[in-house]
Each structure stands twice: as C-alpha cells, then as structure tokens.
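Heads up: the structure comes next, in structure tokens.
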Amino acid sequence: MMTSRRSFLLGTSALLSAATVRRMAWAAPPPGPIRMTNGAPANGLSFVLRNGAQGRKYQVETLPGGLGVIDFDGDGWPDIFCVNGAALPSMVKTGPDYWNRLYKNNRDGTFTDVTLKAGLMGTGYGIGVAVGDYNNDGYEDLFVAGVHENQLYRNNGDGTFSDVTERAGLNLTPVRKLWSVAAAWIDYDNDGRLDLFVSNYCDWEAGTDRVCGGMEPDTRVYCHPDLYQAEAMQLFHNNGDGTFSEVTHKDGLPNLIGKGMGVAMADFTGDHRPGLFVANDNARNLLLRSTGHGFEEVGLEAGVAFNGDGRNISGMGADFGDIDGDGRPDLVMTGLKNETYEVFLNRSDGIFVDGSTATGLLALSRPWSGWGCGLVDLDNDGWLDLFVACGGLDIKEAQPNRIFRNLAGRFIDVSEGAGAGFGVAGLHRGVVFADFDCDGRVDAAVTALNGPIELWWNRSPERNWLQLRLQGTRSNHSAIGAQVTCKTINRTQTRCVTNTVGYASSSDLTVHFGLDTDSKAVVRIRWPSGTLQELGEVAANQRVRVAEPG
C-alpha cells in the first residue's frame, strides 16, 4: 500500500513526539512567552452554550457555538454576544437557558448581562453570528445564522435592537429551509454598503434525521456528513434602503454548493478587492475572488480546494493572515483529530502552496480537533500566532484549547506553558479575539458545548503595540475591506479590516499590530473607496480612531 507524503511525515513526528513526552513527563512545563488566565464566570460572564442534546444524536447538536464581538453602545470597549441552541427536536427556545446573550463591557474587567433590555433573547436554533453596520448609521448590527431560521437585528442606538428580518427581505423560511452556519459582511461591489454572504451546511430535518451506530442510546453516534446533501451558499446585495436582494444566481455569480462551515475574508490577490474562503466539511473548499460586481470560484486553480494530499477534510474554522512575513495573506484551516490543520501559503496573486509542513503545523495539529481559530499576535512580537478552540464531536472527546506561537514563520506549541488553567478540556467551538480590557494585549473568548464560556485574559509579558479603529465615510462605516500597513524600523505588517474569523464567529474590527521593541510606526490606509491616507509617524501603545477623509 502506498504511503502518502503527509502520512509518512505524521508517523515520523508521532514517534519523535512520544519520545519527547516521555523525557519531559517528570517536569511541569515552564511559564511560556504567551500567558493566559480565565476570568469567567467571576467577571459576570455566566453564559452556558446549550445544544439540547438528550441522547438521540441529532446532527445539529455538534455545531452550535458562534459568538461575536460588538461595541453595541459605541463606548470604545468591546462587548460580547453569544448565540445559543434550543430544545430538540422542536428547535424552540423553551426558556432562558436557551436565550442568546448580550454582555456589556463595564470597563473594569467585568460584564453585565443586558439581553432583556436589548431584546436579543432570540428564536430558533442558533449557530453563528456576523457583526457589521449594514445601514451606516454608526451602530453595529447583528446577523444570527441558524437552523432553518436566520435573524437580522438592527441596533437602535439606545441599547436596544429590533428584529428587521422580514422588513429586510432576509426571511426565506417560507421558500426553503436552509441550515446556516456562518456569515460575513462584505462590500463586494464597493458601493459603500455592506452586503451579506451566508455559509450553509446540509439538508437536515429533525423528523427525518437518520440514526447512526445502533438503536440503543449508548451505541448511537453522530452520522457522517456524507449522508447528507450539500446546500447552496447565498449572497445578498444591500439595496441601501434597509432591504436586501438575493443575487446568488445573478450577474454571473456561480452556483456555490458545499457543506459550508467557517468563512474568512482578505484581499488575497492584491487587487484591492477582498474575497472569501469557505471551509467545507468533507467537501472541497471554496475560494471566492471578487470581480467587482460579484465573485468567481477559484479554489482549484488557487490550490486551496483540498489538503496537501488532494483530499477533503472536516474543514471547520479558517482565517487569513501573513504567517511568513512576506506581506501576503496566507490561510489556515482547522479540521478534526488525525486530519491535521491546513496551511496554505500565498506565493503571489492569490496562488497558494501547501505550507503545513514548512510551518510545523502538520505534526503539531494531529492530536487536536480544531473548530474556531484565529491568527492573532498574542505576544506582540510582530508575528501572527494561532489560537485554536479544540474539542471533538462527543463528550468523550473533550480537549483543551491550543496556542501555536509563530517564530518567524514556524509554529511551536506553547499551550502547556500558557497558564495553570489553560489545559481545561471541553467541546470548544467558537472563539473571538479583542482587547477586552484595553491593555494592548489581545484576549480570547471561547464557547464550549454544554459548558461555560471562557474569557482568556492575555497576561503575556508586555511589548509595544498599536491599535487602529477605522470609520468609513465614502466606504462602508465599518471600514470592512480596508488595508492597513504599519511600518517600523524592523518590520512592515499589513492587515485587512475584517471580523470574519474562525468558526461561525465575529471578532473585533479593531486592527492590532504588535511592535515588539519599536516605539513608533508609519501607518498607511487604503480605504475600500480607493482613498489613500497617510497617518505619518504614530507613537506606540495607543488606540487611534481614524475617519476616512472626505
């Protein structure tokens, strides 16, 4: 039997890893360069993600867990919105245990549940969320993706939200029931208004759901995705009057079919038009290049449709970021245990090569089932590290989260030294990133099935940093799609403004740069409108608000 390159490398690394573990088993890991400590629930974050599992093994039970960072009151401090499941098989939120939750950041390390006042308890079986100011009124809104039912909540600017799904033309349930997992706000036609892309999964119904494994409760297992039909992705154009029109099959847009999970966004071709990547569950991944009026699917040509061996994996979460420091956004995608995560290195014009071995992530990721993820500079050294929310499908497969530190383009696993409580196991799902305490270090909030939310305060040794919060005028107000370049004596870094990160979640729109020992930087912004803005020399260790000229 022929052994693939990937299998050979994994087998070799497994032997080496086992030997290393035996040698070090007697000693506790030393403190690492990245340090995290869990502040929940003492800080007021009391959310518990409930999937309604009762032993029947409904397919939807494994997928909830998205959450979002939203500054709903505009005070400059990131708040947290958590999506929740519902009772099964009814998919009805039968009580407060199943409510979605909004937590206000009190600016002192604590949070307050303001769900009732905000009117965000929700309906149906929720999976994911996307945050963005779709009507350009200066307040961030919420789109909640779920099973056969999605909701659009308009931020009223007074601490309350209104369900405008019907009015916006986004209630498609009477026409067809789709299982939505994730969504992304993106101004694909660059008209200054955020459009909406929705990642849909498969054709599931509670009344006809298969039973896999055995008929006895203790022998049942979750069915393989291959037993379900893939669904179409959706694209909705923002009409500018509070309504949306579905344009998935118009203007030459492709018929996008897949078992869509996490979505990531970046200008991966360098043409100043951000595109989208969709991680698919045991189906080929999708890469959507913007044409200025729509998208074309280029996953095969770009080299990201399959893993390094040309196979499908259980694609869960995804994120773009410059891993190797060459100025181009690379791509990472998580999968289940023994599949390994994928790294696609951007070589030029959006053509990618398999970088899983070169970055070290091939061997490091083999034991871990990854869901939400993010390329974030946790130690402020100027290199993007990888945080992964880990956990299998069922209760026996609980796992701790992982942190892979980036050492000039190569990852090392520093999870064991990240803190005394970081090794807690769970069925982790979504993760979002924001500087919740505004101390210049990026924190992480993580959900887990039938477990409490975790808020990992970043307590890594202090290094210099710079944060920018952009506000569009001619461009969309959220500035999604803007390109920010930060140049210091030692490095040049580029970020695309996006909050579409990981699995079914929406991170902070604030752009964060780790500057290491550099005390100042020269900043340049290319707005989606095409306007170029030079900020000149900016001192380190501050958050700067920038409005688009004109």
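On full extension of the chain, what length is gained from R167 through D191, given 0.36 nm per residue of separation minus the C-alpha to C-alpha distance? Present the calculation step by step, with values, prior to reporting the outcome.
Working: separation 24, 0.36 × 24 = 8.64 nm, distance 2.14 nm.
Extending this stretch completely gives an extra 6.5 nm.
Within the set of other residues whose C-beta is less than 13 Å from the C-beta of Y222, count the net charge using Lys and Arg as +1 and Asp and Glu as -1. Write down the numbers at each step before the final one.
Numbers: positive: R56, K57, R210, R220, K396; negative: E61, D209, D226, D281, D394, E397.
Here the charged neighbours net out to -1.
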Over the chain, what relative contact order in percent results from Cα pairs under 8 Å that are six or more residues apart? 15
Inter-label distance for A42 and D108, nm, one decimal - labels placed 7 Å from Cα along Cα-to-Cβ: 1.6
Using Cα pairs closer than 8 Å and at least 6 residues apart in sequence, work out the relative contact order for the stretch 317-448, in percent. 19
List, in order, the whole-Hz ³J(HN,Hα) value for each residue of the stretch 466-474 obtained from phi through the Karplus relation with A = 6.51, B = -1.76, C = 1.60 and θ = phi - 60°; use x for Gly and Pro. 8, 10, 10, 10, 9, 10, x, 10, 5
I'd like to check one number: the per residue accessible area of the stretch 87-130, probe 1.4 Å, reported in Å² as a whole number. 41
Where Lys and Arg each count +1 and Asp and Glu each count -1, what net charge lies around D97 among other residues with Cβ under 14 Å from its Cβ? +2
Cysteines having no other Cys beta carbon under 4.7 Å from their own, within the chain: C82, C202, C373, C390, C438, C486, C496
3J(HN,Hα) from dihedral phi, the stretch 260-277, Karplus parametrisation 6.51/-1.76/1.60, rounded to Hz, x for glycine, proline: x, 10, x, 10, 10, 10, 5, 8, 7, 9, x, 9, 6, 10, x, x, 10, 10
List the residues whose amide H sits under 5 Å from the amide H of G451, counting only those 5 or more places along or on another chain, with H placed 1.01 Å from N in the peptide plane. L49
Taking H as built 1.01 Å from N, whose amide H comes closer than 5 Å to the amide H of D322, not counting residues under 5 places away? D330
Report, in whole Å, the centroid distance computed from the Cα atoms of the stretch 473-547 and the stretch 352-376. 25
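Sort the following peptides by mean Cβ neighbour count (other Cβ atoms within 10 Å, averaged over residues), highest first: 486-494, 228-236. All intermediate terms of the calculation are to be shown ahead of the outcome.
Values: 486-494: 17.0, 228-236: 20.4.
The densest-packed peptide leads the list: 228-236, 486-494.
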Sorted by accessible area (1.4 Å probe), largest first, how do W99, W465 line up? W99, W465
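Keeping all protein chains in place and using 1.4 angstrom, which order do D158, D71 fall into by accessible surface area, from largest down? Before the final figure, lay out the partial values.
Working: D158 95, D71 25 Å².
Result of the area sort, largest leading: D158, D71.
To the nearest 500 deg cm²/dmol, what mean residue ellipticity at 222 nm is calculated for the chain from DSSP H runs of n ≥ 4 alone, each contributing -39,500 (n - 2.57), summed and divided by the residues? Before the final figure, lay out each step's value.
Details: 5 runs with 36 residues, N = 550.
Dividing the helical sum by the residues of the chain leaves -1500 deg cm²/dmol.
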In sequence order, what are the phi-derived ³J(HN,Hα) couplings for the stretch 48-58 according to the Karplus relation 6.51 cos²θ - 1.76 cosθ + 1.60 with θ = phi - 60°, rounded to whole Hz, with x for glycine and proline? 10, 7, 10, 9, x, 5, 10, x, 6, 6, 5
Considering only C-alpha atoms, what is the centroid distance from the stretch 384-423 to the stretch 126-189, in Å? 31
Obtain the nm distance between the two label points defined at A420 and D75 by a simple spin-label model: each point lies 7 Å from its Cα along the Cα-to-C-beta direction. 3.1
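Given a cut-off of 22 Å, name the pairs among K93/K396; K259/K396; K57/K93; K177/K337 whose C-alpha atoms lie farther apart than that in the structure shown.
Working: K93/K396 26 Å; K259/K396 25 Å; K57/K93 19 Å; K177/K337 31 Å.
Listed pairs above 22 Å: K93/K396; K259/K396; K177/K337.
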Can you sort T123, T447, T173 by 1.4 Å-probe accessible area, starting with the largest? T123, T173, T447
Roughly how many Å² of T219 are accessible to a 1.4 Å probe, to the nearest 10? 60
Round to the nearest 10 and report in Å² the accessible area of L88, as given by a 1.4 Å probe over the protein chains' heavy atoms. 30
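The values are calculated or read from the model by the stated rules, or taken from the named source; none is laboratory data. Being a predicted model, the structure only gives us computed values, none of them experimental. As a convention, Cβ positions derive from the backbone with ideal geometry for all residues, glycine included, and neighbour counts pool all protein chains shown. Only protein heavy atoms, including side chains, enter the accessible area calculation; ligands, DNA and RNA are left aside. Shrake-Rupley method; radii C 1.70, N 1.55, O 1.52, S 1.80 Å.
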